[in-house]
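First the structure, in the form of structure tokens, and then the observations on it.
The values are calculated or read from the model by the stated rules, or taken from the named source; none is laboratory data. A quick note: this is a predicted structure, and the numbers were derived from the prediction, not measured. Methodologically, a virtual Cβ is constructed for each residue, glycine included, from the backbone with ideal geometry; neighbour enumeration extends over all protein chains shown. The accessibility values were calculated without ligands, DNA or RNA, using every heavy atom of the protein model including side chains. Shrake-Rupley method; radii C 1.70, N 1.55, O 1.52, S 1.80 Å.
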Amino acid sequence: MPLAEIEKNLEHWVHEVFAVTSFLELEKLKAELLGRAGVVTSAFKLMKDASAIEKKSMGERLNKVKSELENAFSLQRKKLEDYEITERLKGETLDVTLPVSCDRFGGLHIISYAMRRIRNHYLARGFRVSDGPEIETEFFNFDALNTPRHHPARQSQDTFYIEGTNGVLLRTQTSSVQIRTLQKHGIPVRMISIGKTYRNDALDATHSPMFHQVECLIADRSPISLGHLKSELRKFLQFFFETDDVSMRFRSSFFPFTEPSVEVDCRCMKKNGQLIITEKGDKWLELGGAGMVHPNVFRNSGITGDAYGFAFGFGLERLVMLKNGITDIRNLFDTDQRWLQHYEC
Ligand code: DAH
């Protein structure tokens, strides 16, 4: 198309661009005008036969047309994008004033469900299910657990202290319930406790300032060994993951309230992009801490005489995420109805 005609058509084309209502149409029109075989690009190709002076002025005129068209396309693209976002938001609007529909009664959050399952399992096995306060004292959260004031382990857990109090804090671990239970019921005892714990951690895909722990303590007057701990842990994993196909290992570790202390790992492998627990796994995944109860813990809980025991503590979110192929802990605490409905139990 000759240059003069192109210039004459410019206004009409710009109008056409602004009249487009979909991304598909926009791309089509852009290809017709500015694409490799488009009108404007073809006009550039015609310049090769013109004289040097003509080339310069034609080039300038064509570039002007090209940039006006490009400008129009980018404005219209932005307009379509804005429109799409507004429409999507409109569709997602939640009218909180609408009456509650009674055809759906909701379900249990996946974390609540896991808590109930674990609780019922241990109740059925004759365990005591203990609770402790989330607002704790340093005594139960640290001192009695053999973690005195200047112990490095005390600094390694970023604790939320309650302002204006003398060492009142949000518990960093459910191990505090071990002390409360030992104090109250003495031994022998078989206890499980599940509850919220808090640490001053930034929220990201794997950390949350609030999370749940599952704590287990078995203590007796007669000897209890690491073998008992291993067997109990295996039972827990088999029950929780609903499979006998588990293989675990102990790695030597340190917790002030257990001696020896171990980190419990479990064999796993990636299948279709998802981690699964299996004996055939080629990777080890860390699940939590465990160990034989330190004599000071018994002493600090007022227990005298022979006392033996083991304990373990796992992060509940981590277990639930693993079992259900959830990769971001934040999803568990979001209020996205679609996600909640998908995972409700
Ligand atoms: N309380 C520990 C933590 O939060 C986990 C733990 C380790 C619990 C060893 C235990 C235990 O009962 O024996 O990191």
Inset, instruction - Please note which strands (runs of 3 or more DSSP E) are completely contained in segment 195-286 and include at least 2 residues that are farther than 27 Å from Arg128 by Cα. - result: 248-255, 258-271, 274-277
Legend entry - Failed item in (1) in contact (Cβ under 8 Å) with a residue 24 or more places away in the chain; (2) at positive phi, with Leu275 passing the rest: (2)
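Results for (1) at pLDDT 95 or above; (2) of a type in the set (Gly, Ala, Ser); (3) open to solvent by less than 90 Å² (accessible area, probe 1.4 Å), shown as yes or no for each residue.
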| position | (1), (2), (3) |
| --- | --- |
| Thr21 | no, no, no |
| Leu34 | no, no, yes |
| Gly38 | no, yes, yes |
| Asp49 | no, no, no |
| Lys56 | no, no, no |
| Arg61 | no, no, no |
Legend entry - Residue count, segment 105-137 (criterion: open to solvent by less than 90 Å² (accessible area, probe 1.4 Å) and among the charged types (D, E, K, R)): 4
Inset, instruction - Can you confirm whether segment 158-165 contains a residue that is open to solvent by less than 70 Å² (accessible area, probe 1.4 Å), assigned to a loop (DSSP other than H, G, I, E, B), at pLDDT 95 or above and within 13 Å of the ligand (Cβ to nearest atom)? - result: no
Legend entry - Near pairs, Cβ below 9 angstrom, 6+ apart or cross-chain, from segment 100-125 (on the phi > 0 side of the Ramachandran plot) to any residue that is in a helix (DSSP H, G or I): Gly106/Leu340; Gly106/Gln341
Inset, instruction - Give me a count of the residues in segment 300-320 that are more than 12 Å from the ligand (Cβ to nearest atom), among the hydrophobic types (A, V, I, L, M, F, W, C) and over 23 Å from Phe139 (Cβ atoms). - result: 2
Inset, instruction - Say whether the condition of being at pLDDT below 95 and open to solvent by less than 40 Å² (accessible area, probe 1.4 Å) is met by at least one residue in segment 91-102. - result: no
